[in-house]
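Undergrad: Got a structure here, written out as structure tokens. Questions coming.
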Amino acid sequence: STSLEGRKAVVTGAAQGIGKAIAKALAEAGAKVVISDINGEGAKAAAADIGHGAVGVTCDSTRVDQVDKMLEDAAENGAIDILVNNASIVPYIAWDDVDLAHWQKIIDTNLTSVFIASRKATDMMRAAGRKGTVLNIASNAFYAGTPNMSAYVAAKGGVVGFTRSLATEVGKYGIRVNAVTPGLIESDGVKGTPHAESFGFVEMLQAMPGKGQPEDIAKVVTFLVSDGAGWMTGQCVNVDAGMIRL
Ligand code: NAD
Ligand code: 4PL
């Protein structure tokens, strides 16, 4: 079933946008949700907005010490059941402006952060004998090679590769690891940026034209972390109204 009653979940980067919609959907499905974000005020505001016992905490997903503590706190002397790695920077940067500093910042925030939280969360799940699950938010930009985000696309490709290998490593413990690749979504982070100018072009490519919303991603994530997806691991599910037909 898709009920998450009694499950403990952490969603990173959930103060706004797709992460907040995921946190809301998991909470509505019955999970106790920790909203983790570098923007602690935003995380607390999101938790208050969502209700259902959701809690907002300040945590920089690139910092091992902060992530380990955040996950220890969320586990409440056990282990969490669900980790959603969503935190990321969504840059719009011309190729000619991509320097090493930008590259390293994006790899750190969008890829290394996924390793850091997954390392700790799956170690804790194994120690507690918990058959938990990790869900990584990648992007269909990995398939499309979308312009003006080369470091981002590289990081998301890394996330897809890591999803496959981590699923292999921890499958023997009953821990499932999957990813979702959203297409362009009208999130808080996209609104008011040059990405928002891309909707016309993206809708032309979609089998079903329309502006993707955070809830469109949250619904699929809720299923993938539920027992209904218990026979799925190492998978990458594309959610983009048919822009990419794999
Ligand atoms: P957003 O910018 O609206 O929200 C991102 C959140 O992550 C923010 O609350 C921000 O504070 C947080 N964050 C950034 N760096 C952090 C860090 N170091 N530690 C903790 N939190 C941090 O983004 P969004 O559009 O909702 O995107 C959410 C996810 O979906 C990301 O993984 C993004 O790459 C992916 N995605 C987005 C789109 C899109 O079009 N919006 C498309 C495909 C994939
Ligand atoms: C197709 O992940 O997948 C813009 C911004 N367009 O972040 C994305 C597409 C964006 C995308 C993305």
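The values are calculated or read from the model by the stated rules, or taken from the named source; none is laboratory data. What you see is a predicted model; the values in this text were computed from it and never measured. Cβ placement follows ideal geometry from the backbone for every residue including glycine, while neighbour counts extend to all protein chains displayed. These area figures cover heavy atoms from the full protein model, side chains too; ligands, DNA and RNA do not enter into them. Shrake-Rupley method; radii C 1.70, N 1.55, O 1.52, S 1.80 Å.
Undergrad: What are the pairs with Cβ atoms under 9 angstrom where one residue, in the stretch 14-42, is on the phi > 0 side of the Ramachandran plot and the other, located anywhere, is open to solvent by 10 Å² or more (accessible area, probe 1.4 Å) and of a type in the set (S, T, N, Q)? Sequence gap at least six, or different chains.
TA: G17/N86; G17/S187; G30/S3
Undergrad: I want to confirm something. Restricting to the stretch 191-246 and keeping residues that are among the aromatic types (F, W, Y) and under 17 Å from T2 (Cβ atoms), which single residue is farthest from the chain's Cα centre (by Cα)?
TA: Applying the first criterion (among the aromatic types (F, W, Y)) to the stretch 191-246 yields 199, 201, 223, 231.
Next, from what is left, pick out any that are under 17 Å from T2 (Cβ atoms): 223, 231.
On the way: F223: 14, W231: 20 Å.
Top of the filtered list is W231.
Undergrad: Does T168 satisfy being more than 12 Å from ligand 1 (Cβ to nearest atom) and hydroxyl-bearing (S, T, Y)?
TA: yes
Undergrad: Among the residues in the stretch 225-232, are any open to solvent by 40 Å² or more (accessible area, probe 1.4 Å) and within 15 Å of ligand 2 (Cβ to nearest atom)?
TA: Checked against the condition, which is being open to solvent by 40 Å² or more (accessible area, probe 1.4 Å) and within 15 Å of ligand 2 (Cβ to nearest atom), the stretch 225-232 yields no hits at all.
Undergrad: Going by the conditions given, is T193 within 12 Å of ligand 2 (Cβ to nearest atom) and under 30 Å from D97 (Cβ atoms)? First the steps, then the outcome.
TA: On the way: within 12 Å of ligand 2 (Cβ to nearest atom): yes; under 30 Å from D97 (Cβ atoms): yes.
Considered against the rule, which asks whether it is within 12 Å of ligand 2 (Cβ to nearest atom) and under 30 Å from D97 (Cβ atoms), T193 comes out as yes.
Undergrad: Moving on. Which one of these does L184 not meet: (1) buried (at least 22 other Cβ atoms within 10 Å of the Cβ); (2) in contact (Cβ under 8 Å) with a residue 60 or more places away in the chain; (3) within 12 Å of ligand 1 (Cβ to nearest atom)?
TA: Result: L184 passes all but (2).
Undergrad: Okay, next question. Restricting attention to the stretch 73-103, report how many residues are among the acidic types (D, E) and closer than 21 Å to S118 by Cβ. Steps first, please.
TA: Here is the first cut: in the stretch 73-103, the residues among the acidic types (D, E) are 73, 76, 81, 96-97, 99.
If we keep only those that are closer than 21 Å to S118 by Cβ as well, we get 73, 76, 81.
Within the stretch 73-103, residues that are among the acidic types (D, E) and closer than 21 Å to S118 by Cβ number 3.
Yes/no matrix, rows are residues, columns are (1) modelled with pLDDT of 95 or more; (2) open to solvent by 20 Å² or more (accessible area, probe 1.4 Å); (3) touching a Pro at 6+ places or on another chain (Cβ under 8 Å); (4) of a type outside the set (D, E, K, R):
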site	(1), (2), (3), (4)
A45	yes, yes, no, yes
D49	yes, yes, no, no
V90	yes, yes, no, yes
D97	yes, yes, no, no
H102	yes, yes, yes, yes
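Undergrad: Return a yes/no flag: does the stretch 143-152 have any residue that is loosely packed, with under 15 Cβ neighbours inside 10 Å and within 26 Å of A29 (Cα to Cα). Give the steps one after another, and end with the answer.
TA: Applying the first criterion (loosely packed, with under 15 Cβ neighbours inside 10 Å) to the stretch 143-152 yields 145, 147.
Right, trim to within 26 Å of A29 (Cα to Cα) and you get none.
Scanning the stretch 143-152, I find no residue that is loosely packed, with under 15 Cβ neighbours inside 10 Å and within 26 Å of A29 (Cα to Cα), so the answer is no.
Undergrad: Given E203, E169, which one is more than 23 Å from L135 (Cβ to Cβ) and either more than 10 Å from ligand 2 (Cβ to nearest atom) or in a helix (DSSP H, G or I) (or both)?
TA: Values: E169 fails: more than 23 Å from L135 (Cβ to Cβ).
From the options E203, E169, the qualifying one is E203.
Undergrad: Next question, about the same structure. Taking interchain pairs and intrachain pairs at least six residues apart, which have beta carbon atoms under 6 angstrom, with the first residue in the stretch 102-131 and of a type outside the set (K, R) and the second open to solvent by 50 Å² or more (accessible area, probe 1.4 Å) and within 15 Å of ligand 1 (Cβ to nearest atom)?
TA: Matching pairs, first to second residue: T109/I89; I116/V64.
Undergrad: Applying the selection to the stretch 1-33, what residues are assigned to a helix (DSSP H, G or I) and not aliphatic (A, V, I, L, M)? First the steps, then the outcome.
TA: Quick first cut of the stretch 1-33, residues assigned to a helix (DSSP H, G or I) only: 17-28.
Matches in the stretch 1-33: G17, G19, K20, K24, E28.
Undergrad: Still on this structure, I have one more. What residue, of V190, V160, is surrounded by fewer than 21 Cβ atoms within 10 Å (Cβ to Cβ) and not small (G, A, S)?
TA: Values: V190 fails: surrounded by fewer than 21 Cβ atoms within 10 Å (Cβ to Cβ).
Testing whether each residue is surrounded by fewer than 21 Cβ atoms within 10 Å (Cβ to Cβ) and not small (G, A, S) leaves just V160.
Undergrad: On to the next question. Where in the stretch 34-123 are there helices (runs of 4 or more DSSP H), lying fully within it, with 2 or more residues that are within 16 Å of ligand 2 (Cβ to nearest atom)?
TA: On the way: elements: 40-50, 64-75, 100-107.
Hits in the stretch 34-123: 100-107.
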